[in-house]
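The block underneath contains the structure these notes are about, expressed in structure tokens.
Please treat every number below as a calculation from the coordinates, not as lab data. Since this is a predicted model, take the numbers as computed values, not measurements. Positions of Cβ are generated from backbone atoms using ideal geometry, with glycine treated the same way; all protein chains shown enter the neighbour counts.
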Amino acid sequence: MRHLPASPGPRGASPARQAAARVLLRVERNQAFANRALAAELDRGNLPSRERALATQLVYGTLRWQGRLDGWIGRLAGRASSQLDPATRVILRLAGYQVLILSGVPPEAACDQAVRLAHGLRPQAAGLVNAVCRRMSRREAVDPPAGQEGDRTARLAELHSHPRWLVERWAARVEPPELEAWLEANNRESPVAVRVNRLRSDPDRAAASLVREGFQVEPGALLSEALRVHGGRIGDAAAFRSGWITPQDESSQLAAHLLAPRAHEQVLDLCSAPGGKATHLAELMEDRGRVVAVDLHPGKLRQVEEAARRLGLRSIETQPHDARVLPPEWEGRFDRVLLDAPCSGLGVVGRRPEIRWRSDEETIRSRVPLQQALLARAVRALRGGGRLLYTTCSVEPEETRAQAAWLVEQHPQMVPVARSEVEALLERAGVHGLHPGDGGDVVLLPHRNGTDGFFLALFEKKENPALPARG
Ligand SMILES: C[S@@+](CC[C@H](N)C(=O)[O-])C[C@H]1O[C@@H](n2cnc3c(N)ncnc32)[C@H](O)[C@@H]1O
């Protein structure tokens, strides 16, 4: 891994741009996750808060708009962006983002910074960077040419910065106006949603504490116990440090409400790290009973333990396991099981924009066998009469409704919980304006619900299954 010099020379680019370029290069070259690479970069540097905020904006904005920017760069450079070396590509994307999307940076300043970055990172490309940037600042060839009817998807993909295969996939499911709204919603910056820990606080007190520290706070879009917060790093807030709040998208906050655990129950969370849902389950159980939090990676389970400590929860017990192979004594032991399955993550391409550029049809297909193996194990761990909630941060049919159908076909003792009861659970959680589908499952979409794309399906295991499980 190559690094830019830690301190800029007298003519170096601004610290925020250098930090953003380093992070974007790590994402580009090493397939790093943007959130982790950015956190590591910001932890290492001693950037003032304004530069930190700008670096964050540059990283996420550039990744979100990468497809749009690459199309533009290709037209201006006379060759596809993919044919440029990674450093030149990253520098030009950063410049394009500042010229085209970000307000407040004069184009000349964006170009000057790009050329400085090139001198530090790839001096032989400084001439090309300068030439392309000058054309960018004159906003030449910004839009893809309006082409044939067959090119409409390609154009839409570029204008809304999504990969073409994904636009084609969604175009087969929704009408054109809804498709555009969906693509637009994935590029909108949204406030961070937080869940309030009712064992320690309530939404009014948590909101007042955040406002006192200079955050802007709005009520949740879906849930009465959620808040939406802008204007700072939640991790720095006193309300966070005191265990009053946990950052969690409102779609994910629905999971524990639908599984609806009661105090003193035995609950199993099969894929629990970093613990967003496990800690919510424990909160709803008033920290009485037991939440067994399993994950494949022991290192990630430390995040669950840390979250439990911060929230003052003692009922969570972490257990490192491959959840496809659980201890035999766990069979039939649990009142409730949550399977928040590893998935393509294509519902969170707004918050985790690099996912859209790293995935393809195979990414979706490749998750299916693991999800089925985990579902089969979840069924075995559940007692008769117990409930299983299956969730994914994807709304792709193969990972969602097809898996729910597979479950009831392969395990006839599993019955979907009726739509009317799911509606009642949503109502009890204070959720407004969200309706389950005919089969009782719940699908959330960014443009309809203002949340991540998310899927939830609730099942009950029959008390005395007449039929043995197949497979
Ligand atoms: C979607 S994330 C879970 C998020 C978590 N439920 C939360 O709310 O914070 C999926 C998790 O599954 C874990 N995982 C992947 N394969 C697994 C396996 N075979 N057994 C157990 N956990 C697994 C991953 O390490 C990852 O932490």
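Here are the numbers:
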| read-out | value |
| --- | --- |
| Cα-centred dipole magnitude for the range 19-165, charges only on beta-carbon of K, R (+1) and D, E (-1), debye, nearest 20 | 140 debye |
| Cleavage-rule hits, GluC sites (Glu not before Pro), the range 12-78, DSSP coil, Cβ neighbours within 10 Å at most 10 | none |
| DSSP-loop GluC sites (Glu not before Pro) across the range 311-351, with at most 15 other Cβ within 10 angstrom | Glu331 |
| Pairwise FRET efficiency - Arg139 versus Glu317, Cβ, R0 = 45 Å, nearest 0.05 | 0.20 |
| Degrees between helix 419-428 axis and first principal axis of the chain (Cα, 0 to 90, nearest 10) | 70 degrees |
| Spin-label zone in the range 270-298 - amide nitrogen under 16 Å from a point set 7 Å from the Cα of Arg309 along the C-beta vector | 275 |
| Neighbour net charge for Gly450 - beta-carbon separation under 14 angstrom, K R +1, D E -1 | -2 |
| Farthest toward positive dipole pole in the chain [+1 Lys/Arg, -1 Asp/Glu at C-beta], among Ala307, Gly12, Thr391 | Gly12 |
| Solvent-free Debye scattering, log10 I(q)/I(0), computed from the Cα coordinates of the range 250-461 at q = 0.16, 0.17 Å⁻¹ | -1.09, -1.25 |
| Simple label model, 7 Å out from Cα along Cβ direction - Ala405 to Ser242, nm | 5.1 nm |
| Positive-end residue, the chain charge dipole about Cα centroid, Cβ charges, pick of Ala237, Pro106, Ile316 | Pro106 |
| Per-residue Cβ neighbour rank within 10 angstrom, fewest leading, Ser272, Ser201 | Ser201, Ser272 |
| Taking the C-alpha atoms of the chain, convex hull volume expressed per residue in Å³ | 150 Å³ |
| Dipole in debye (nearest 20) - the range 250-461, about Cα centre, beta carbon charges: Lys, Arg +1; Asp, Glu -1 | 380 debye |
| Full-extension gain in nm, Asp43 to Arg188, via 0.36 nm per residue minus C-alpha separation | 49.6 nm |
| Those trypsin sites (Lys or Arg not before Pro) in the range 147-202 that DSSP places in a loop and that have at most 14 other beta carbons within 10 Å | Arg173, Arg188, Arg198 |
